[in-house]
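Here is the structure we will look at, set down as structure tokens.
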Amino acid sequence: MERNFRDGRGGKGGKLLIPALVIVVGLLFAFIFFSPQFERVSPVIKLKQNSSWNMREPLVIELSDNSNLTSYKVTFIDDKGEQILDEKVLSEKTPKLSLKVAPPKFETLYKGKAIKIKIEAVDDSKWVFLSGNTTEIIYNIAIDTKAPETIVLNNSRYIARGGSALVVVKVADDNLDNAYITFNDTVNFTLIPFYKPNYYAAIIAWDISIPFEDFKGVNLVATDKAGNKSIAKVPLYIQDFAVKNSNLNIPQSFIETVSTNVLEKMNEEVPADLTARFVKQNRTLRAENIATIKKVCMTNLPKESFSDFNINAFSRLQGSSTAAGFGERRHYYLNDTMIDEAWHLGLDWASVAHDNITISNGGDVIFKDYLGIYGNSIIVNHGLGIATIYAHTTSQFTNVGEKVTVNQKIATTGITGAVLGDHLHFGVLVQGIEVNPIEWMDPNWIKTRITDILTSSKAMMN
């Protein structure tokens, strides 16, 4: 009986043990396979100088992982051997890491032309027998210590606060990364290829909000992929702008109707407090609208090389009077208390209600929509970073993507947006920045400051 008892129990246990082991092993594999602790994605390594380096700037490295990084090592390799530039075991949880690794130090000037940079990164996964996922990348890097060639070939002689100027430059580098014109080192202007390889042109703007006494200069800046940088000064005489200050009393009814309507049409929350409501419309929404204009213009900048640029002087709305000028500094009052201030950009022309708006220069329609304080607006791109905006319109007779021609009727004036009466707000935009339209309404200014500069620049290139 004892033997029979043991045989019976052993047979039954064996039948149960095998499925149980299968289930346990399956659960174990499932746990390993699906558990975040056993994730199998290796760390990601990104090196900014992944093809060339000037051996002066630090290596800029980005490390990231789905879990956490545990260690990294950066090694410099050339024909003389290897040198560890940086390595570290990380004690804290670190899913992302930004490194700036200093170049190696040598007693004499390094004359090598090519090196390798090896970067290793390990994460805290339990995969690979608990040792973690490892990524190792070896970059073949050319040593480039020569900065781009930068020459300011020609430019407008003057620029006025709130105004425009043209700059023609040469930028040459086989390894060029970026080149632009910078105003006060804060506002950058994109260069447009011009006439011959390595030559560029840009119309720049002095934003009216930058005071005359804060002018620091205009420079051409070029960088290559190795990190070399060149700066060339753009020689300009500067002129101030006579700012007109105006005080405007805002009726409570304007805030309750116009400001409210503008905010609602832009799907903005309407503050209950009247002052807060006006400030949100006049300051916050204005900034958003200006940013939209900038984005639309920059998105539509030309990328192809050009040889000629012809533009007519812009004309005022026929039979109109000027209701407001460019560069007015407006101070808004509610019940004798100043509640906000803003720049008036562009020119306001008033004639008869729903007057016809025709354009002085042809171009491409790049925007047609309701734009907050500007109301129903149209933006036309004329090339070389120049565009015009027609705001507060009632009816529009063109669409985005269409080409419009000189003297074509594109809209009628109106009272859409944050306005008190029927008029056209006309603005000239330089890479999305509203500038003084009076300059662009003067044929002599256009000839001497823009088209003559382009013509003489081409002669210099030949």
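Considering only residues in region 73-97 that are over 16 Å from I117 (Cα atoms) and in a loop (DSSP other than H, G, I, E, B), the one that is farthest from the chain's Cα centre (by Cα) turns out to be S91.
Restricting attention to region 401-415, which residues are of a type outside the set (D, E), within 30 Å of I204 (Cα to Cα) and in a loop (DSSP other than H, G, I, E, B)? Even if it seems obvious, please write down each step before you answer.
Keep residues of region 401-415 that are of a type outside the set (D, E), which gives 401, 403-415.
Filter again for within 30 Å of I204 (Cα to Cα), leaving 401, 403-411, 413.
Across region 401-415, the qualifying residues are G401, T405, V406, N407, Q408, T413.
For region 424-443, a residue qualifies if it is assigned to a strand (DSSP E or B) and either within 14 Å of H344 (Cα to Cα) or out of contact with any Ser or Thr (no Cβ under 6 Å at 6 or more places or on another chain) (or both), and the qualifying residues are L424, H425, F426, G427, V428, L429, I433, E434, V435. Condition check: among the charged types (D, E, K, R), part of a loop (DSSP other than H, G, I, E, B) and surrounded by 13 or more Cβ atoms within 10 Å (Cβ to Cβ). Does K146 satisfy that? Yes; evaluated as a whole, the condition is true for this residue.
Can you pull out every residue in region 196-209 that is assigned to a loop (DSSP other than H, G, I, E, B) and either under 19 Å from the mean Cα position of the chain (by Cα) or assigned by TED's automatic domain parsing to the domain that holds K113 (or both)? Full working, then the answer.
The first filter runs over region 196-209 and keeps only residues assigned to a loop (DSSP other than H, G, I, E, B), leaving 196-198, 206-209.
Hits for region 196-209 are W206, D207.
Taken over region 378-409, the criterion of being in contact (Cβ under 8 Å) with a residue 40 or more places away in the chain and within 30 Å of I255 (Cα to Cα) is satisfied by I379, T388, I389, A391, T394, S395.
For (1) within 21 Å of S259 (Cα to Cα); (2) buried (at least 20 other Cβ atoms within 10 Å of the Cβ); (3) free of Cβ contacts under 8 Å to residues at least 60 places away in the same chain, each residue gets a yes or a no:
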site	(1), (2), (3)
Q281	yes, yes, no
L285	yes, yes, no
D308	no, no, no
Q318	no, no, yes
I339	yes, no, no
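Residue under question is I250, and the condition is that it be assigned by TED's automatic domain parsing to the domain that holds S307, farther than 30 Å from A147 by Cα and of a type in the set (V, I, T); does it hold? Steps first, please.
Numbers: assigned by TED's automatic domain parsing to the domain that holds S307: yes; farther than 30 Å from A147 by Cα: yes; of a type in the set (V, I, T): yes.
Judged against the criteria, I250 is a match.
Against the definition (among the acidic types (D, E), touching a residue at least 12 places away in the same chain (Cβ under 8 Å) and either in a strand (DSSP E or B) or not assigned by TED's automatic domain parsing to the domain that holds N175 (or both)), how does E107 come out, yes or no? No; evaluated as a whole, the condition is false for this residue.
Only one of T398, T416, T393 is of a type in the set (V, I, T) and surrounded by fewer than 19 Cβ atoms within 10 Å (Cβ to Cβ). Can you tell me which?
Result: T398 is the single residue among T398, T416, T393 that is of a type in the set (V, I, T) and surrounded by fewer than 19 Cβ atoms within 10 Å (Cβ to Cβ).
Inspect all residues belonging to region 26-37 and state whether any of them is buried (at least 16 other Cβ atoms within 10 Å of the Cβ), more than 24 Å from K225 (Cα to Cα) and either at pLDDT below 95 or not assigned by TED's automatic domain parsing to the domain that holds N175 (or both). So far as region 26-37 goes, no, none of its residues is buried (at least 16 other Cβ atoms within 10 Å of the Cβ), more than 24 Å from K225 (Cα to Cα) and either at pLDDT below 95 or not assigned by TED's automatic domain parsing to the domain that holds N175 (or both).
Scanning region 97-114 for residues that are in contact with a strand residue (DSSP E or B) (Cβ under 9 Å, 6 or more places away or on another chain) and of a type in the set (S, T, Y) yields a total of 2. Every condition in (1) buried (at least 16 other Cβ atoms within 10 Å of the Cβ); (2) touching a Pro at 6+ places or on another chain (Cβ under 9 Å) holds for P302 except the one numbered (1). Among (1) exposed (fewer than 14 other Cβ atoms within 10 Å of the Cβ); (2) under 24 Å from S164 (Cα atoms); (3) within 28 Å of the chain's Cα centre (by Cα); (4) among the basic types (K, R), there is one condition R449 misses while meeting the rest; what is its number? Every listed condition holds for R449 apart from (1). For P193, the criteria (1) buried (at least 20 other Cβ atoms within 10 Å of the Cβ); (2) assigned to a strand (DSSP E or B) hold in every case but one, which is (1). Taking the numbered list (1) at pLDDT below 95; (2) closer than 30 Å to P197 by Cα; (3) not β-branched (V, I, T) in turn, L420 passes all entries but (2).
Would you confirm, using the coordinates I've provided, whether A418 is in a strand (DSSP E or B), closer than 30 Å to P251 by Cβ and in contact (Cβ under 8 Å) with a residue 40 or more places away in the chain? Break it down stepwise before answering.
Numbers: in a strand (DSSP E or B): no; closer than 30 Å to P251 by Cβ: yes; in contact (Cβ under 8 Å) with a residue 40 or more places away in the chain: yes.
Judged against the criteria, A418 is not a match.
The values are calculated or read from the model by the stated rules, or taken from the named source; none is laboratory data. Everything numeric in this text was worked out from a predicted model, so none of it was measured. Glycine also receives a Cβ, built like all others from the backbone with ideal geometry; neighbour counts cover every protein chain displayed.
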